[in-house]
Amino acid sequence: MRWSQTLIPTLKETPAEAEILSHKLLLRAGLVRKLTGGLYTFLPLGVRVLRKVEQIVREEMDRSGALEVLLPTLQPPEIWQQSGRYEAIGDGLYKLRDRAKKEWVMSPTAEEVITTLAAGEINSYRQLPATFYQISVKFRDEIRPRFGLMRAKEFIMKDAYSFDATEEAAMSSYRKMYDAYQRIFNRCGLKNFPVEADTGVIGGNLSHEFMVPAETGENEIVFCEACGYAANLEKATSGIPKTAAREVGPTPEKFATPGVVTIEALTKAPHSVPANRQIKTLVFIADSKPVLILVRGDDQLNEAKLASVLGTTVFRPAETPEIFDALGAHPGSLGAVGVTKFPVFADERLRGANGMTTGANEDGFHFNKVSLERDIPGARWADLRTVGAGEPCAKCAKPLKIQRGIEVGHVFMIGSKKYSEKLNAYYLAEDGTRKPCVMGCYGIGITRTLQSIIEQSNDKDGIVWPLTVAPYQVCITPLGVASGSAVMQLAEKIYAELQARGVDVILDDRDERPGVKFKDADLVGFPIRLGIGEKSLAKGEVELKRRGGTLTPVLAAAAVAKVCECLAAGGAN
Ligand SMILES: [Zn+2]
C-alpha cells in the first residue's frame, strides 16, 4: 500500500474524549474515529488489525475442531423469554420494533439461537460432540460506554458453543476451547492469564476469564504468586479464619445506642464493639420482596456473589421507607434476630459466631450476645464477602494479591438446564433414551482484544505492534519522493520485492519532512521501518529500524533479505 493512497489520519494532539492510553492511541494513530458515544468507525489501518486478530481466532477455532457458522443478529424475543434471559439481562438488551410493532432483540450473544439450531439439527449421540462458532457484531445497551472499544454499545465478538452427550465429554470440549484461547492470546502477543470467574447471567458452574493485566482494567483479579491461584474478585475466596466463638449469656440483650447508626460509630466509646464482633445487616429488594443479607461488620458484601446466591441479577438495595416498612427501623439499627417474614442470607464467615452485636430493629437500640445459629436460625449460609489483599490463600495460606485486568475472553461450562432443557435441545442416547445436550459457551471480544494489545504494547512515541497483528509489518520511508530520484527508485524497487515475497508493506510516498514521517511511523507502530536517504545511499546503505530498537545501517542490496530475516526471527520485539 502507498501511504498517499490510503487514509491514515494521524493526530498530533490527544482528543479530549479519550481517557486511557490505548483509546488515545487508537484515535491518534488513525485506526478508528468516534461516531458517537460507544460507537466507532474503523478506518483502513484499524480494519487491517481487526482482520488479523480475527484470522488468528479463526485459525485456532478451526484447529480445535469448531465449525464456523453465522447466526442472525436480529432475534425473536420469544427464545429469549424461553431461556429467561429476556428478564435477566433486562435493560442491557437492545430491543426494537418493526413496522408491524413486533419486538426484536439485537443479539449480545447467541446461546438461544444456537440452542434452537441444535434442537432442530442434533438428534443422535452420533452427531456429538459438536462445537460451533461465529465472529460477528454484537450489541449491548451500556449505560456508560467508555474507554473506546473497551466498553462499547456495538462490538465484534467471537462466540462459540459446544454440545456434548455427557458432562465428562463437555469438560473435554471446554478444555479444548481453554487451550485454544491460550494459543490465540499468545499469538496476538498479549500477556494474559486465565482466572476463575463468576458465571453471571450466562449461568453454569465452571468458568474462566482470560485477563490482560492493566491498571485501567475494569476487573480486579485476586491471585497467589506462591501456588498460582487466580480468580476474579467477584468469585475469589480466601482462607481467612471464621469468626471466633466466645462464651456468652443465654439470650441476646438489648442496649440503648442513641444516635449510633454506623459500624464505625459502634466501635467507639462508650460501646466499643470492634467491627469484627458486629453483624452488618443489608436489605435488598429481589423479586419485589425484601431480602436480608448479613456480613461481618468489617467485611464488604460482594454483589456478584449475592447475584449467584439469589439466582438473579435483578435486585437492588432497598430504599429507607421500604426498610422501615419491612423491619420497623431505619438503617443503622437493623438486624435479623427474630425476623421470620423475609429470607435471610448470612456470610459463611459468621457461621458458628456468637457474642455478636447487631441492630435490634428499633431505632437507637442494638442487641449484643447474639449467637448466629441460635438467634437467627432461619439464615441460609453462603459465601458473600469480598476478599481483601493480604488475606491468606485458601490453597496454600500465602498472602493473596490483587491487581487490575481487562477481560478479553471468557469460557463457561453451562450444563443442560440453562438452555438445552428450556429450548428443547435433546438427543437420542446410545441406550435409546432422550437426553438434553450438555453445553459450554465461549466468548472473545475481538475489538476489545485489539485495544488491549495497544494498552499493553506501547511507548512514549506510540503503539508497538506485535508482528502478528501489525497493520503493516514494514514501512519504507524514503526521505525524498522526487520521482526518478535514486532514493525513490530504490524505495520502489524494495517495495515491489517485499510485496512479491508476500510481506505486508507500506510505502510512505508522502511529500513530507522526514521528522513527520518518522513520527507517524512510530505513532502507528510498524514493527520494521526502512529509511532511505540520500546521505546513507551515497554509502550504498539504507537504515533499518525495529520499532523501539536502534537504527542499523544495512547494505541497500541486502535490504530485502535483511527485512525478511528480521520478520522470520519474529520482528521488532
Ligand atoms: Zn496459594
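The values are calculated or read from the model by the stated rules, or taken from the named source; none is laboratory data. Because the structure is a prediction, the values reported are computed rather than measured. Virtual Cβ from ideal backbone geometry, glycine too; neighbours counted across all protein chains shown. When the accessible area is computed, the model is the full protein with side chains, heavy atoms only, and any ligands, DNA or RNA have been set aside. Shrake-Rupley method; radii C 1.70, N 1.55, O 1.52, S 1.80 Å.
Over what distance in Å are the Cα centres of the stretch 445-489 and the stretch 74-97 separated?
42 Å
Rg and Dmax of the stretch 253-382, Cα atoms, in Å?
So, for the stretch 253-382, Rg and Dmax equal 13.6, 41 Å respectively.
Give me the one-decimal nm value for the distance between modelled label points at Ala429 and Thr312, 7 Å along each residue's Cα-to-Cβ direction.
Reported label-point gap for Ala429 and Thr312 is 3.3 nm.
Give me the tail of P(r) for the stretch 357-486 as a percent: Cα-Cα pairs with distance above 23 Å.
Values: 6212 of 8385 pairs.
The proportion of pairs with Cα distances above 23 Å equals 74 percent.
At a probe size of 1.4 Å, how large is the accessible area of Cys396, to the nearest 10 Å²?
Approximately 50 Å² for this residue.
Taking 4 °C and 1.567 mPa s as the conditions, I'd like the Stokes-Einstein D for the stretch 40-106 in µm²/s, using the Kirkwood hydrodynamic radius from alpha carbon pairs.
Details: Rh = 15.1 Å.
Translational diffusion coefficient: 86 µm²/s.
Could you tell me the center-to-center distance, by alpha carbons, between the stretch 315-338 and the stretch 239-300 in angstrom?
Cα centres, the stretch 315-338 to the stretch 239-300: 14 Å.
In nm², what is the average projected area of the convex hull enclosing the Cα atoms of the chain? Don't skip to the end; give the middle numbers.
On the way: hull surface 135.9 nm².
With every direction weighted equally, the projected area is 34.0 nm².
Angle, helix 514-524 long axis vs. longest principal axis of the chain, Cα atoms, 0 to 90°, nearest 10?
40 degrees
For the chain, what relative contact order do you get, as a whole percent, if you take Cα pairs closer than 8 Å and at least 6 residues apart? Present the calculation step by step, with values, prior to reporting the outcome.
On the way: 1231 pairs, mean separation 96.4, N = 573.
Once normalised by length, the contact order is 17 percent.
Keeping all protein chains in position, work out how much accessible area Thr73 exposes to a 1.4 Å probe, and write it in Å² to the nearest 10.
Accessible surface of Thr73 is approximately 40 Å².
Any chance you could give the angle, 0 to 90 degrees and rounded to 10, that helix 44-63 forms with the longest Cα principal axis of the chain?
70 degrees
Go through 479-485, 449-455 and give me the packing order, highest mean Cβ count within 10 Å leading. Can you show the working numbers first?
On the way: 479-485: 12.9, 449-455: 27.3.
Taking the mean over residues of other Cβ atoms within 10 Å, the ranking is 449-455, 479-485.
Can you give the local net charge around Asn302? Use residues other than it whose beta-carbon is closer than 10 angstrom to its beta-carbon, Lys and Arg +1, Asp and Glu -1. Don't jump to the answer; show the numbers that get you there.
Working: positive: Lys235, Lys305, Arg385; negative: Asp198, Glu234, Asp299, Glu303, Asp347, Asp383.
Once all neighbours under 10 Å are counted, the net charge is -3.
Around Ile446, with a cut-off of 11 angstrom between Cβ atoms, what is the net charge of the other residues, counting Lys and Arg +1 and Asp and Glu -1? Can you show the working numbers first?
Working: positive: Arg51, Lys52, Arg58, Lys138, Lys158, Arg448; negative: Glu54, Asp159.
For residues surrounding Ile446, the net value is +4.
Which whole-number percent of Cα pairs in the stretch 472-568 have a distance greater than 19 Å?
Of all Cα-Cα distances in the stretch 472-568, 32 percent exceed 19 Å.
Roughly speaking, to the nearest percent, how much of the chain's 1.4 Å accessible area is carbon and sulfur?
Numbers: 13190 of 25340 Å².
Answer for the chain is 52 percent, counting heavy atoms of protein chains only.
Counting other Cβ atoms within 10 Å, which GluC sites (Glu not before Pro) in the stretch 1-109 have at most 13 and lie in a DSSP loop?
Values: sites: Glu13, Glu17, Glu19, Glu54, Glu59, Glu60, Glu68, Glu78, Glu87, Glu103; in loops: Glu13, Glu17, Glu19.
Answer in residue order: Glu13, Glu17, Glu19.
Among DSSP beta bridges lying fully in the chain, give the percent that are antiparallel, nearest 5. Intermediate results must be reported in sequence, preceding the final value.
Details: 89 of 109 bridges.
Percentage antiparallel, nearest 5: 80.
Would you mind classifying the stretch 384-451 by shape? Square roots of the alpha carbon gyration tensor eigenvalues, ordered a ≥ b ≥ c; an a/c under 1.5 is rounded, otherwise it is prolate if a/b is larger than b/c and oblate if not. Walk me through the numbers before you get to the answer.
Numbers: a/c = 3.69, a/b = 1.83, b/c = 2.01.
Note, shape of the stretch 384-451 comes out oblate.
In deg cm²/dmol and to the nearest 500, what is the mean residue ellipticity at 222 nm of the chain if only DSSP H runs of at least 4 residues count, each as -39500 (n - 2.57), divided by the residue total? Please report the intermediate quantities before stating the final value.
Working: 15 runs with 149 residues, N = 573.
So the calculated ellipticity at 222 nm is -7500 deg cm²/dmol.
Using Cα atoms only, what is the angle between the long axis of helix 167-187 and the major principal axis of the chain, expressed in degrees (0 to 90) to the nearest 10?
40 degrees
Between Leu11 and Lys289, how high is the FRET efficiency from 1/(1 + (r/R0)^6) when r is the Cβ-Cβ distance and R₀ = 41 Å? Nearest 0.05.
Values: r = 53 Å, r/R0 = 1.30.
With a Förster radius of 41 Å, E is 0.15.
Given a 1.4 Å probe and the protein chains all in place, what does the accessible area of Thr36 round to, in Å² to the nearest 10?
Roughly 70 Å² of Thr36 is accessible to a 1.4 Å probe.
Of Phe365, His330, Ser308, which is farthest along the charge dipole of the stretch 253-382 in the positive direction, counting Lys and Arg as +1 and Asp and Glu as -1 at C-beta?
Farthest towards the positive end: Ser308.
Applying 1/(1 + (r/R0)^6) with R0 = 45 Å to the Cβ-Cβ distance of Cys227 and Lys493, what FRET efficiency is obtained, to the nearest 0.05? Mind dumping the intermediate values first?
Details: r = 57 Å, r/R0 = 1.27.
Step by step, r from the Cβ atoms, then E = 0.20.
Kindly identify the stretch 2-132 as rounded, prolate or oblate by the Cα gyration tensor criterion: order the square roots of the eigenvalues as a ≥ b ≥ c, call it rounded if a/c is under 1.5, otherwise compare a/b with b/c, prolate if a/b is larger, else oblate.
Numbers: a/c = 2.86, a/b = 1.57, b/c = 1.83.
Judged from the Cα gyration tensor, the stretch 2-132 comes out oblate (a/c at least 1.5, b/c at or above a/b).
Sort the stretch 102-190 into rounded, prolate or oblate with this rule: let a ≥ b ≥ c be the square roots of the eigenvalues of the Cα gyration tensor; rounded if a/c is under 1.5, and if a/c is not under 1.5, prolate when a/b is larger than b/c, oblate otherwise.
Working: a/c = 3.12, a/b = 1.33, b/c = 2.35.
Since a/c reaches 1.5 but b/c is at least a/b, the shape of the stretch 102-190 is classed as oblate.
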